[in-house]
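Report on the structure given below.
The values are calculated or read from the model by the stated rules, or taken from the named source; none is laboratory data. This is a predicted model, so every value here is computed, not measured. Using ideal geometry, Cβ is built from the backbone for each residue, glycine included, and neighbour counts are taken over all protein chains shown. Please note that ligands, DNA and RNA were not included when accessible areas were found on the heavy atoms of the full protein model with its side chains. Shrake-Rupley method; radii C 1.70, N 1.55, O 1.52, S 1.80 Å.
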Amino acid sequence: MDFYLKKENTFERLLKEYKAYDSLVVAFDFDNTVYDFHQVGLEFNHVITLLQKLKKIGCYLIVFTANEDEDFVKSYCNEKEIPFDAINDNPPFYQSNSRKIYYNILLDDRAGLRETFDHLEKLIHHLNTNV
């Protein structure tokens, strides 16, 4: 089996990267990951709480969105106490002309949100219990 298709290898990679830099770059989608795009009553409390925990352990958080109304995205995140450091921009320590932003992991409703969420919760738990 391919190396990163094994869940334990994916987690170990995240842990190794966090330990090397005391941080991770976590990108998160806006629509239907933290914001109810279709206004059908979806809630995102668990993801928002996770992002708050990640910020507390020093992660750099990037809103990764196709939403063109940056003022709305900022306003919504501030109102819901969703921490973020950038919107669709690379972290200042990673300069690139590529259109793809740099991140260690992506939280996205269309890209394995459950598994990513679980890996990040496991990372936080590991760090808090192995101090």
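A few notes on this one:
- Residue list for region 81-127, restricted to those being of a type in the set (Asp, Glu), under 13 Å from the mean Cα position of the chain (by Cα) and under 25 Å from Asp69 (Cα atoms): Asp85, Asp108, Asp109
- Scanning region 68-98 for residues that are open to solvent by less than 40 Å² (accessible area, probe 1.4 Å), out of contact with any Leu (no Cβ under 9 Å at 6 or more places or on another chain) and either part of a loop (DSSP other than H, G, I, E, B) or closer than 19 Å to Ile124 by Cα (or both) yields a total of 2.
- Filter pass, Lys80 being farther than 21 Å from Asn128 by Cα and at pLDDT 95 or above: yes
- Filter result for the condition that a residue is modelled with pLDDT of 95 or more and in contact with a Ser or Thr (Cβ under 8 Å, 6 or more places away or on another chain), over His119, His125: His119
- Residues in region 42-65 that are in contact with a strand residue (DSSP E or B) (Cβ under 8 Å, 6 or more places away or on another chain), part of a helix (DSSP H, G or I) and under 13 Å from Leu107 (Cα atoms): Val47, Leu50, Leu51, Leu54.
- Which numbered condition Phe11 misses (of (1) outside any helix (DSSP H, G or I); (2) touching a residue at least 24 places away in the same chain (Cβ under 8 Å)): (1)
- Of the residues making up region 17-41, those that are assigned to a helix (DSSP H, G or I) and under 17 Å from Leu106 (Cα atoms) are Glu17, Tyr18.
- Matching residues in region 21-49 - criterion: being exposed (fewer than 14 other Cβ atoms within 10 Å of the Cβ) and on the phi > 0 side of the Ramachandran plot: Asp22, Gln39, Gly41
A quick yes/no check of all residues on (1) closer than 30 Å to Asn130 by Cα; (2) at pLDDT 95 or above:
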{"residue": "Lys19", "(1), (2)": "yes, yes"}
{"residue": "Asp31", "(1), (2)": "no, yes"}
{"residue": "Leu51", "(1), (2)": "yes, yes"}
{"residue": "Lys56", "(1), (2)": "yes, yes"}
{"residue": "Lys74", "(1), (2)": "no, yes"}
{"residue": "Tyr94", "(1), (2)": "yes, no"}
{"residue": "Asn97", "(1), (2)": "no, no"}
{"residue": "Arg114", "(1), (2)": "yes, yes"}
